[in-house]
There are 2 protein chains.
Amino acid sequence: MSYLTHIASPTLLIDEQICRKNLQKMAEKAKRNGMKLVPHFKTAQSHVIGEWAKDYGIKEITVSSIKMAEYFCGHGWENIHIAFPFNPLEAKRLNRLAKNQSLSVQLINETTTQTLVDALENPVGFFIEIDAGYGRTGVHVSDFGKIEAILRTAKKSDKLKFRGFYLHAGHTYYEKDKEAVYDQTRAALGMLKAKYRSEYPKLVTRTGDTPGCAVMEDFGDIDEMGPGNFVFFDMMQVALGSCTREEVAVALAVPVVDIQKERGEILVHGGGVHLSKDYLPEPDGGKNFGEVVFLTETGWTIPKERSFLKSISQEHGLIKASSELLKSVKIGDVLGILPIHSCMTADCMESYLSIGGEVIDHAEGARQG
Amino acid sequence: MSYLTHIASPTLLIDEQICRKNLQKMAEKAKRNGMKLVPHFKTAQSHVIGEWAKDYGIKEITVSSIKMAEYFCGHGWENIHIAFPFNPLEAKRLNRLAKNQSLSVQLINETTTQTLVDALENPVGFFIEIDAGYGRTGVHVSDFGKIEAILRTAKKSDKLKFRGFYLHAGHTYYEKDKEAVYDQTRAALGMLKAKYRSEYPKLVTRTGDTPGCAVMEDFGDIDEMGPGNFVFFDMMQVALGSCTREEVAVALAVPVVDIQKERGEILVHGGGVHLSKDYLPEPDGGKNFGEVVFLTETGWTIPKERSFLKSISQEHGLIKASSELLKSVKIGDVLGILPIHSCMTADCMESYLSIGGEVIDHAEGARQG
């Protein structure tokens with residue numbers, strides 16, 4: 001029996017073959033560049049998908065919260081890196097987790113560093129997060145005073161170990177000239193490594209955005225990469241040129257509940273609580289909340305004529321349908337939607353259905369607790 | 001011990017007093033207008049908050065999916081209305097649930113009506129959803145052919161009972177002139193009632209948007225109202241004039257992880273997976289993803305000077321901070337954020353912490369299954 005017979009409500013499908021190809025391709029790229037790939041599992045948040053990653057030599061992962069690190073603890077990861085400016089209120093929780101799992105965190109100020117110096121009884125590594133122009137978070141690349149204050153404070157504890165510098169070049173999402181962003185990233189991390197290597201000979205540098213890691217070939221002397229989204233990709237990455245539609249590994253299955261042929265619209269059960277509200281702008285000023293694919297017994301196919309979600313509310317989605325789609329669609333059919341932002345969609349849905357009909361776990365990363 | 005001592009990670013706070021006032025005010029308005037209030041519980045999705053609602057005479061609720069109806073089944077509701085164009089793939093599931101719970105659904109086409117005629121062994125009520133200009137979903141108000149086809153098909157089953165007409169005037173969210181939208185709503189529902197009352201003497205009419213129900217006083221001869229968001233309100237409703245900031249009953253507690261005084265920015269743990277990505281436009285072209293409140297032992301207070309989330313990513317939020325806030329804030333503090341769209345935020349967070357320190361349930365409405 002096909003997986004399709006299991007679907008009566010919005011369901012997040014995953015194509016294992018596509019996902020494995022994405023993992024393999026990035027692992028080969030890292031290897032070709034002499035880099036360690038430490039994928040960001042905020043996207044997949046899954047033990048099963050973690051096991052797929054291990055098949056491509058991946059031994060360490062990145063997560064975005066201590067709760068997510070707890071989910072992955074005890075599953076054979078050599079290290080779990082929490083790529084978020086550490087929240088000092090979670091110091092005791094970190095200390096407890098570090099008893100059973102090798103962990104690293106990110107520090108960007110002296111205050112939180114001191115909190116960890118006071119709280120840690122178990123070893124924890126740390127990266128200093130560097131801001132070289134993105135401006136969201138991190139110590140400015142030229143703020144050596146702050147970098148050294150963090151290093152000096154950390155030295156007061158023999159539990160807090162400096163690992164190196166982390167730089168999330170998040171502006172590859174907005175800047176057309178990714179080469180220029182990467183010039184900046186390579187230069188910033190190269191300079192810091194040269195400056196601090198004599199004191200910390202084992203320090204490494206790491207960068208982590210999917211658009212950069214997918215497109216760039218020259219990573220200079222950066223040691224490690226930690227992209228996340230590439231595991232699934234999505235329509236945002238298609239728009240950025242990081243991947244093709246055929247490389248998107250997840251699709252939300254949505255039941256058709258009404259068809260308005262004269263308006264060229266299809267109403268589906270699938271909205272903001274399933275996909276999140278991320279969108280891409282349309283050339284005419286409208287919005288695109290996800291693109292239609294045709295579900296088949298063995299996965300999905302990309303339609304010749306494009307149809308997309310033009311609006312969504314909490315549970316509803318309204319598709320602007322091509323004439324190709326309108327000709328064939330019936331009430332009670334199930335369509336696929338390639339999401340705009342797969343990390344958010346997976347976090348909304350909290351589990352996957354494989355094309356083989358198996359339910360695949362998700363950490364429920366964002367929930368309270 | 002204060003509820004504040006429980007908070008180390010993003011946590012959705014609820015102020016019971018504010019929430020009860022919102023419920024009471026709308027219940028009184030419904031009573032004053034001779035209407036039945038059937039609140040939409042897609043917002044709260046909670047048994048505890050359901051019990052609060054019962055204190056104001058509320059006996060029936062509205063939900064947005066069959067999964068949510070299952071959550072509320074067995075909790076003493078006289079009827080649960082599923083306010084979503086019925087998904088024919090869920091017909092058997094509806095039939096099972098209808099064995100133990102009085103239910104009603106919404107129908108907008110003959111195809112799905114026939115599916116229910118074939119599937120139902122237990123009684124289920126239905127409303128015909130009417131589109132009088134919003135354009136998202138429903139039978140156009142003047143499409144009597146379709147209305148009568150649905151009624152004719154439904155008559156083939158003695159299990160499917162016509163209850164009346166439902167109209168979600170969702171364009172009160174976009175149209176400044178809510179009186180004009182309500183003229184249209186009153187006229188459409190009044191006309192349909194007059195036309196079909198002779199054949200269906202018990203038919204009722206229902207409307208359901210929070211901006212309209214909060215602001216309007218003249219509901220004409222509309223029998224029932226089903227707003228949802230008013231239970232909590234949010235910054236979107238403040239912007240629409242439906243409520244004041246003081247009437248918003250939920251706030252996301254977010255730990256402060258970094259402060260950039262010179263840039264006037266505060267980095268918090270709290271992003272798209274907690275708040276959703278709904279935003280309000282700022283006059284300067286920027287975005288507002290939520291507004292800062294000061295947490296106190298007994299709830300929260302509105303600052304004199306406004307601070308707000310100017311950007312969010314999956315887990316991060318960046319606050320544009322007032323000088324008042326910058327003066328007092330420290331790393332490790334916890335701030336409150338009034339959400340832009342409380343329905344989506346509650347759906348992301350999946351539970352509440354009361355000011356009294358109690359954990360309050362949420363249905364996890366959107367998850368698969």
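The values are calculated or read from the model by the stated rules, or taken from the named source; none is laboratory data. Please read these numbers as outputs of a predicted model, since none were measured by experiment. A quick note on method: Cβ atoms are made from the backbone with ideal geometry, for glycine too, and the neighbour counts reach across all protein chains shown.
Identify all residues within segment B:317-330 that are part of a loop (DSSP other than H, G, I, E, B) and surrounded by fewer than 22 Cβ atoms within 10 Å (Cβ to Cβ); write none if there are none.
We begin by selecting, within segment B:317-330, every residue part of a loop (DSSP other than H, G, I, E, B); these are B:321-322, B:329-330.
Once the filter is applied, which keeps residues that are part of a loop (DSSP other than H, G, I, E, B) and surrounded by fewer than 22 Cβ atoms within 10 Å (Cβ to Cβ), segment B:317-330 yields B:SER322, B:VAL329, B:LYS330.
Checking A:ALA253 against (1) within 12 Å of chain B (Cβ to nearest Cβ); (2) assigned to a helix (DSSP H, G or I): exactly one of these is not met. Which one?
Looking at each condition in turn, A:ALA253 falls short on (2).
Quick one: which of B:GLY241, B:GLY212, B:GLY228 is within 30 Å of B:GLY356 (Cα to Cα), within 17 Å of the chain's Cα centre (by Cα) and more than 14 Å from chain A (Cβ to nearest Cβ)?
The conditions single out B:GLY241.
Can you pull out the residues in segment A:154-181 that are under 19 Å from the mean Cα position of the chain (by Cα) and of a type in the set (Phe, Trp, Tyr)?
Correct list: A:TYR166, A:TYR173, A:TYR174.
Out of the residues in segment B:239-250 that are touching a strand residue (DSSP E or B) at 6+ places or on another chain (Cβ under 8 Å) and not in a loop (DSSP other than H, G, I, E, B), which is surrounded by the fewest Cβ atoms within 10 Å (Cβ to Cβ)?
This residue is B:ALA239.
Considering segment B:322-337 alone, what residues qualify as being hydroxyl-bearing (Ser, Thr, Tyr) and within 33 Å of the chain's Cα centre (by Cα)?
B:SER322
Do you know which of the residues in segment B:311-328 that are away from chain A (no Cβ under 11 Å) and of a type in the set (D, E, K, R) is farthest from A:GLU315 (Cα to Cα)?
Within segment B:311-328, the match that is farthest from A:GLU315 (Cα to Cα) is B:LYS327.
Tally the residues that are at the interface with chain A (Cβ under 8 Å from one of its Cβ atoms) and surrounded by 22 or more Cβ atoms within 10 Å (Cβ to Cβ), restricting the search to segment B:335-364.
The qualifying residues number 5.
For segment A:259-285, enumerate the residues that are in a loop (DSSP other than H, G, I, E, B) and closer than 26 Å to B:ASN229 by Cα.
At the first step, the residues of segment A:259-285 found to be in a loop (DSSP other than H, G, I, E, B) are A:264, A:270-271, A:276-279, A:282-285.
Across segment A:259-285, the qualifying residues are A:GLY270, A:GLY271, A:SER276, A:LYS277, A:ASP278, A:TYR279.
Among the strands (runs of 3 or more DSSP E) lying completely within segment A:1-110, list those that include at least 1 residues that are charged (D, E, K, R) and either away from chain B (no Cβ under 13 Å) or under 29 Å from A:VAL273 (Cβ atoms) (or both). Let's see the steps before the verdict.
Numbers: elements: A:11-14, A:60-63, A:79-85, A:103-107.
It comes to A:60-63.
Can you find, within segment A:243-286, the residue that is nearest to A:VAL215 (Cα to Cα) among those that are without any contact (Cβ under 8 Å) to a residue 60 or more places away in the chain and among the basic types (Lys, Arg)?
A:LYS277
Determine, yes or no, whether A:THR205 is modelled with pLDDT under 95, surrounded by 20 or more Cβ atoms within 10 Å (Cβ to Cβ) and not in a loop (DSSP other than H, G, I, E, B). Steps first, answer last, please.
On the way: modelled with pLDDT under 95: no; surrounded by 20 or more Cβ atoms within 10 Å (Cβ to Cβ): yes; not in a loop (DSSP other than H, G, I, E, B): yes.
So A:THR205 does not fit the description; no.
Given the criteria within 22 Å of B:ASP234 (Cα to Cα) and out of contact with any strand residue (DSSP E or B) (no Cβ under 6 Å at 6 or more places or on another chain), does B:ASN33 qualify? Even if it seems obvious, please write down each step before you answer.
Values: within 22 Å of B:ASP234 (Cα to Cα): no; out of contact with any strand residue (DSSP E or B) (no Cβ under 6 Å at 6 or more places or on another chain): yes.
No.
Looking at segment B:105-121, which of its residues are of a type in the set (S, T, N, Q) and out of contact with any Phe, Trp or Tyr (no Cβ under 7 Å at 6 or more places or on another chain)?
Those that are of a type in the set (S, T, N, Q) and out of contact with any Phe, Trp or Tyr (no Cβ under 7 Å at 6 or more places or on another chain): B:ASN109, B:THR111, B:THR113, B:GLN114, B:THR115.
Of all residues in segment B:271-289, count the ones that are over 22 Å from the mean Cα position of the chain (by Cα) and either crowded, with 22+ Cβ neighbours inside 10 Å or at the interface with chain A (Cβ under 9 Å from one of its Cβ atoms) (or both).
Qualifying residue count for the region: 0.
Go through (1) farther than 30 Å from A:LEU116 by Cβ; (2) within 14 Å of chain A (Cβ to nearest Cβ) one by one and return the number of the condition B:ILE331 breaks.
For B:ILE331, the failing item is (1).
Residue under question is B:ASP143, and the condition is that it be assigned by TED's automatic domain parsing to the domain that holds B:TYR200 and either surrounded by fewer than 18 Cβ atoms within 10 Å (Cβ to Cβ) or more than 21 Å from B:ASN229 (Cα to Cα) (or both); does it hold? Walk me through it before giving the result.
Working: assigned by TED's automatic domain parsing to the domain that holds B:TYR200: yes; either surrounded by fewer than 18 Cβ atoms within 10 Å (Cβ to Cβ) or more than 21 Å from B:ASN229 (Cα to Cα) (or both): yes.
Yes: the conditions hold for B:ASP143.
Please work out if A:GLU305 is part of a loop (DSSP other than H, G, I, E, B) and under 30 Å from B:TYR352 (Cβ atoms).
no
Can you confirm whether segment B:24-36 contains a residue that is within 17 Å of the chain's Cα centre (by Cα) and under 16 Å from B:VAL250 (Cα atoms)?
No, that holds for no residue.
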